[in-house]
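K.L.:
This is the structure, below, for whatever I ask next.
Values quoted throughout were computed directly from the atomic coordinates according to the rules given, and no laboratory measurement underlies them. All values derive from a computational prediction rather than experimental measurement. Neighbour counts run over all protein chains shown; Cβ positions are idealised from the backbone, glycine included.
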């Protein structure tokens, strides 16, 4: 009886062997070799275009399905749930005065603060930025559709096929690529580290870094469009960018060579960090050194002063924001007094949400989600370099750079501190409100006493 | 996107809620999403810290009092129903809804809006705004920007104008009377988008 199974056994083995070889060859030819040389077949762009058509069809189908069943489609408005009137405190108070009466305190003044308070309970600018952006159309990922509901068999079937493709084919492929990329990075940078310092070493280190980052980019199926490459950061400067996820580093580093800044980690990250620093100088801080601002500033300025070293890559927001706005830049990197090269990164949320909500997902979970999305599509704009002007302090300079980045990337420019994700509001903001109100009251009573 | 029915069904007694508050299904869903977003640990109810985490509210001089308005005395939790009912105070008055003679008063009536504002002043809930309570509110709204004397003179003047029965405190009726001419509907209403 068993002898019948043997030919099948060897047949299966042969098939498996062949498919593995084919897969590996395809991988090598279409993905790794182009990564090494920095060329592209354009497969990813074609993929992106077909996905867009697919999503549009899916959205139409859902709208039609909902109409047939006579239900209302819940369309999330990215503008918010309430209309907030941009009326200032002074105007409000004056409106409330019963025309002609002296502007003294009135019991109704509390209405203004009360209404503003309740408005912020219903919808506030800051909390919105720390949750993933709501989409107007559905991209066949359940995770981005809060009300996934069976609308039609065809749509559900399509979603099912999507799941199969993403988890059965794309995810294993990407994980393989990721391991290859990281492994190559560690091995090759260690080898380059054996060379004596000099131009040859720098050249090789650049090539090795670029190649490995490009493989990682393909591991995420990231489709990146770089704009204004003539403004790319040069040695002796700092590159600042808005921060949405840890992937930002890979996106920027696959197009240019940067010196990274960060805390020393243990585990796999630590291995990677130690290997990278062998090939070219990066700035890794011990946990204890991070608190010492002078030490940090000194190390950064020393690095910049050496023109042979690569530009430093810094994310001044300090934390990941959900890519609809740019939050307050920490002034540390702007105090050093060198040229700043701003870069704006904007992700297209239709293909996969790149925002890392660190309070919701750990790093591994996040990477798995990234690798099982359709693709990561983003645009990178290199802005012209800026320097601190005469009479401008670090904070003003930081705000100027932030405004430029927000404008270019089409993001909202907020003055709120990204640290608000975890910390409390500073008393200063409350005092501002109190000052305004007292000016209206007391300021006007001074006028009265004079007259 | 998806149809509204599935989410609405997940909320218990949603019909009653819509009836009492006058919110439309779309509003209820949006408020439910907001409730879930504020309830970061997914407990199904909100506590004062969840409100405190809203940055713009923390910046508001009377933020603490507004948070206090959501919690009845002794309770440290607010469920979705209570949340919506309190927010319903800020719905604009429905001008075209016919006033049925025997129906209970609407949550967003002028009187109820005034009551909401009154409780922001009257923290010990004894039905009167004492001089002390008034001073506390003034201090909250003005901070360190004015002197103690200025605060006291403002408080005295306000009580003098509004206190009709000379008991040195402002009752709800006196409060209501002093705000007769103010357009409460406009000042204590939030425009909800469709």
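K.L.:
Can you tell me the orientation of helix B:131-142 relative to chain B, as the angle in degrees between its alpha-carbon axis and the longest Cα principal axis, to the nearest 10?
P.N.:
70 degrees
K.L.:
Between region A:10-31 and region A:290-351, how far is it from one alpha carbon centroid to the other, in angstrom?
P.N.:
44 Å
K.L.:
Another one. Taking the beta-carbon count within 10 Å as an exposure proxy, list A:257, A:212, A:378 from fewest neighbours to most. Display every interim value, and only then the final one.
P.N.:
Working: A:257 19, A:212 26, A:378 23.
Starting with the residue having the fewest Cβ neighbours, the order is A:257, A:378, A:212.
K.L.:
Provide a whole-number value for the mean count of partner chain Cβ atoms within 10 Å of the Cβ atoms in peptide B:176-188.
P.N.:
4
K.L.:
Rounded, prolate or oblate: which one fits region B:77-194, using the alpha carbon gyration tensor with axes a ≥ b ≥ c (rounded when a/c is under 1.5, else prolate when a/b beats b/c, else oblate)?
P.N.:
Prolate, because a/c is 1.5 or more and a/b exceeds b/c.
K.L.:
Can you grab the distance from the C-alpha centre of region A:163-206 to the C-alpha centre of region B:115-185, Å, no decimals?
P.N.:
69 Å
K.L.:
Is region A:336-386 best put as rounded, prolate or oblate by its Cα gyration tensor, with a ≥ b ≥ c the root eigenvalues, rounded for a/c under 1.5, and otherwise prolate when a/b is larger than b/c, oblate when not?
P.N.:
Note, shape of region A:336-386 comes out oblate.
K.L.:
Now a separate question. Give me the percent relative contact order of region A:153-416, please, defined on Cα pairs under 8 angstrom at least 6 residues apart.
P.N.:
25 percent
K.L.:
What does the structure give for B:23-29 when I average, per residue, the other chain Cβ atoms found within 10 Å of the residue Cβ?
P.N.:
For this peptide, the per-residue mean of nearby foreign Cβ atoms is 2.
K.L.:
Across peptide B:62-72, how many C-beta atoms of other chains are within 10 Å of each residue C-beta, on average?
P.N.:
3
K.L.:
Please compute, for the alpha-carbon atoms of region A:230-303, the extent along each of the three principal axes and give them in descending order in Å.
P.N.:
Computed over the Cα atoms, the extents are 38, 29, 27 Å.
K.L.:
In whole percent, what relative contact order does chain B give with Cα contacts below 8 Å and a gap of six or more residues?
P.N.:
Relative CO of chain B lands at 20 percent.
K.L.:
I need A:309, A:298 ordered by Cβ neighbour count within 10 Å, fewest first.
P.N.:
Going from sparsest to densest Cβ surroundings: A:298, A:309.
K.L.:
Continuing with this model, one more query. Can you sort A:296, A:264 from fewest to most other Cβ atoms within 10 Å of each residue's own Cβ?
P.N.:
Arranged by neighbour count, lowest to highest, A:296, A:264 become A:264, A:296.
K.L.:
In terms of the Cα gyration tensor, with a ≥ b ≥ c the square roots of its eigenvalues, is region A:153-416 rounded because a/c is under 1.5, prolate because a/b exceeds b/c, or oblate?
P.N.:
oblate
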